[in-house]
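Following: one structure in structure tokens, then a few remarks.
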Amino acid sequence: MTTVVLHPRDLAGCEHRLALDNAHPDMVRSRPDTPEAQRRKAAAADHRASVRELIRGLHSDQPPGTVVLIDPTGDHAARVAATQAACAAGADWIWGAALPTDRVVGRRGDVELLIRDGAGYVPVIVVNHRVSYPAKSANGPRNGNAAGAVTSPIWGWAPSADPTRSSRNHRRDRLRLAQITAMLRDAGLATSTDPAELRAGAIGLDADCIVVHEMASTLEDYRDTFTRRQAIADGRIATTPRRIGECRSCPWWFRCGPELEERRDVSLVVGAHQSVVLAEAGITTIDQLAHFDGHPPDDWPPNARFDDAVLAAIAWLTGTPLIRRLAEPTVARADVEVDVDMESYGEHGAYLWGTLLTDNTDPAREVRYRAFGTWHPLPTPDEGRSFGEFWTWLSIERDAARAAGKTFAAYCYSQQAENRWLLGSADRFAGTPGVPPRAEIEAFIASDEWVDIYEAVGRNFVCPNGKGLKKVAPVAGFTWRDAEAGGEASMDWYRDAVGLGGTAPDPTQRRRLLEYNEDDVRATKALREWITDRAAVEIPYQDQMLAFRRGGDSRAGRT
């Protein structure tokens, strides 16, 4: 039997997708990338290209052959031959390395960078996400890791403890590094045959250092993972679909979704880990969960209400979009209310802060949308100018409300993203006109004047279809003007709006982004007011819904 050959990307993610990909290779080959996948690949390629040029520039004054750039347009055999030649010549840096496919063991792979260390090479991947966090202070790193991360400067391989950083644990990255490390070791190109001495690295979005990984423990995880994944790929271990986060963008959902619906699989209404716990307790269908009236399974997550899972199952069966937790839903309100929504482009920055001010004490005052943004491609110092103008305006309105004896509140939907860019902008653009000290942002975030409507929705309702704004606001009667409105689509609009990739900026996409942002803040306002005014009479109460498990037609509302 031919050994299945695995790429590093096959080592993480959905096992059932791996099985389907290998059972139907022709469908995989003919399947076009989704727009989301195209955007991710384009952004990753742009990042790799910038790192490649950075490394070439750092070593431009060194002898020829120090840095070897493998032609990315060559076929795999040509790139393997070029990599082997560069290794034989003792090149210090090899960009775009490709390793021979091992059809005996069953693995293949390539790596952005090989760095010579002694008699062998260290693999370094270049990824379009962050691979480390800054420490909270100079006294030590985040997460209580006293040793900090181990990093190496971007210009050379010199690993040392770095108390200013804490590394991020991306298992997918570590498994990829483990496969490349194993292939280098088999080819006699690794720095050592002793796993305890093997290291690898990752260059992340900031491209300001190489985060160094000790590979011994990861290689143990890799061996077990590789063995199982290879057995799945060649059909020796059967898999079955279960809904997980990856399903949202999986091309096989057209097949798995109907199968899960047909068997009324419990994973359709609870999280992936919860569905495993339920299955181990013998609860595999939505019907079983909806009628369950006992104690939660022993391994049920302590931070999750079991009744919420039961309610989600009942909601699925009855077609109920929301269930009220409280007899009277509540949300913080104020005399002067400002809805805020931020738009960012990946990890590159926040280019737009949209606002909508409502003065509930003055009906004559216009409810007006105001946007503070930059259309210079990110990253750009002009981002600091737009953020400073936004913060200045918000502070003026807050101070004016206080001076008039009015209460004030600013609202967002899921503050994690807004808080990140509020704090990050204060740090990155310190000294720019209008940009406040970090402590001022921290005080605002911690105050009662910063209200997260996402959290309010979670306190007031069980949301079987998800708590996203696009899921919940339509229940309150709100609709977006653009049928394609969404975070992923906005990334493509932004690329066109600012002319990334060498194209001319498209002003129509700028208007589209502004309308999308305006609709988001108006949706937040509509949702908040609906919670106060109508939700109590429009949304069924949880006690009423829980009565369903003691009787009723479990197929009501579903066909």
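Just so you know, all these numbers are worked out from the coordinates, no wet-lab data involved. Quantities reported herein were computed from a predicted structural model and do not represent experimental measurements. Positions of Cβ are generated from backbone atoms using ideal geometry, with glycine treated the same way; all protein chains shown enter the neighbour counts.
If the chain between residue 253 and residue 53 were fully stretched, how many nm would it gain, using 0.36 nm times the residue separation less the Cα-Cα distance? Numbers along the way, then the final one.
Working: separation 200, 0.36 × 200 = 72.00 nm, distance 3.88 nm.
In short, 68.1 nm is gained.
How big is the charge dipole of the chain about its Cα centre, in debye rounded to the nearest 20, if each Lys and Arg gets +1 on its Cβ and each Asp and Glu gets -1 on its Cβ? Spell out each step's value before the answer.
Numbers: 67 positive and 78 negative charges, 172 e Å.
For this selection, approximately 820 debye.
Please state the shape class of the stretch 8-233: rounded when a/c is under 1.5, otherwise prolate if a/b exceeds b/c and oblate if not, all from the C-alpha gyration tensor. Could the numbers behind the result be given before it?
On the way: a/c = 1.41, a/b = 1.18, b/c = 1.19.
Since a/c stays below 1.5, the shape of the stretch 8-233 is classed as rounded.
Between residue 367 and residue 206, how high is the FRET efficiency from 1/(1 + (r/R0)^6) when r is the Cβ-Cβ distance and R₀ = 51 Å? Nearest 0.05.
Between residue 367 and residue 206 the formula returns 0.80.
What is the stretch 336-538 by shape, rounded, prolate or oblate, if you read a ≥ b ≥ c off the alpha carbon gyration tensor as root eigenvalues and call it rounded for a/c under 1.5, prolate for a/b larger than b/c, and oblate otherwise? Show your work: numbers first, answer last.
Numbers: a/c = 1.71, a/b = 1.17, b/c = 1.46.
Oblate, since a/c reaches 1.5 and b/c is not below a/b.
Are there any GluC sites (Glu not before Pro) in the stretch 417-523 that are in a DSSP loop and have at most 16 other Cβ atoms within 10 Å? List them by number. Please list the in-between numbers first.
Working: sites: 418, 440, 442, 449, 455, 484, 488, 515, 518; in loops: 449, 484.
When the GluC sites (Glu not before Pro) of the stretch 417-523 are filtered for loop state and at most 16 Cβ neighbours within 10 Å, 484 remain.
Relative contact order for the stretch 457-525 using alpha-carbon pairs under 8 Å, separation at least 6, rounded to a whole percent?
On the way: 45 pairs, mean separation 20.6, N = 69.
It rounds to 30 percent for the stretch 457-525.
In percent, how large is the relative contact order of the stretch 8-233, given Cα pairs closer than 8 Å and 6 or more residues apart? Could you put the intermediate results ahead of the total?
On the way: 363 pairs, mean separation 45.2, N = 226.
Reported relative contact order: 20 percent.
Report the extension gain between residue 214 and residue 304 in nm, rounded to one decimal, defined as 0.36 nm multiplied by the number of residues separating them, less their alpha carbon distance. Before the final figure, lay out the partial values.
Values: separation 90, 0.36 × 90 = 32.40 nm, distance 3.50 nm.
My answer for the length gained is 28.9 nm.
Once you have the Cα-Cα distance between residue 503 and residue 488, take 0.36 nm times their residue separation minus that, and quote the gain in nm to one decimal. Show your work: numbers first, answer last.
Values: separation 15, 0.36 × 15 = 5.40 nm, distance 1.98 nm.
Computed gain between residue 503 and residue 488 is 3.4 nm.
Please give, to one decimal in nm, the separation of the simple spin-label points placed at residue 158 and residue 105, each 7 Å out from Cα toward the Cβ.
Here the modelled spin labels are 3.2 nm apart.
Along the charge dipole of the chain, Cβ charges K/R +1 and D/E -1, which of 270, 181, 336 sits furthest on the positive end?
Sorting the options by dipole projection puts first 181.
Given R₀ = 25 Å, what would the calculated FRET efficiency be for residue 459 paired with residue 272, taking r from the Cβ atoms and rounding to 0.05? Write down the numbers at each step before the final one.
Numbers: r = 24 Å, r/R0 = 0.95.
Calculated value: 0.55.
Please give the calculated 222 nm ellipticity per residue for the chain, where each DSSP H segment of at least 4 residues contributes -39500 (n - 2.57) and the sum is spread over every residue; nearest 500 deg cm²/dmol?
On the way: 19 runs with 228 residues, N = 559.
One gets -12500 deg cm²/dmol as the mean residue ellipticity at 222 nm.
Count the lysine pairs in the chain whose Cα atoms sit under 19 Å apart, keeping only pairs 8 or more residues apart in sequence or on different chains. Could the numbers behind the result be given before it?
Values: 406/525; 467/525; 470/525; 471/525.
Close lysine pairs under the 19 Å cut-off: 4.
Remind me, relative contact order of the chain in percent, using alpha carbon pairs under 8 angstrom and six or more residues apart?
Working: 878 pairs, mean separation 67.1, N = 559.
It comes to 12 percent, rounded to a whole number.
Over the Cα atoms, compute the radius of gyration (one decimal) and Dmax (the largest Cα-Cα distance, rounded to a whole number) for the chain, in Å.
26.8, 81
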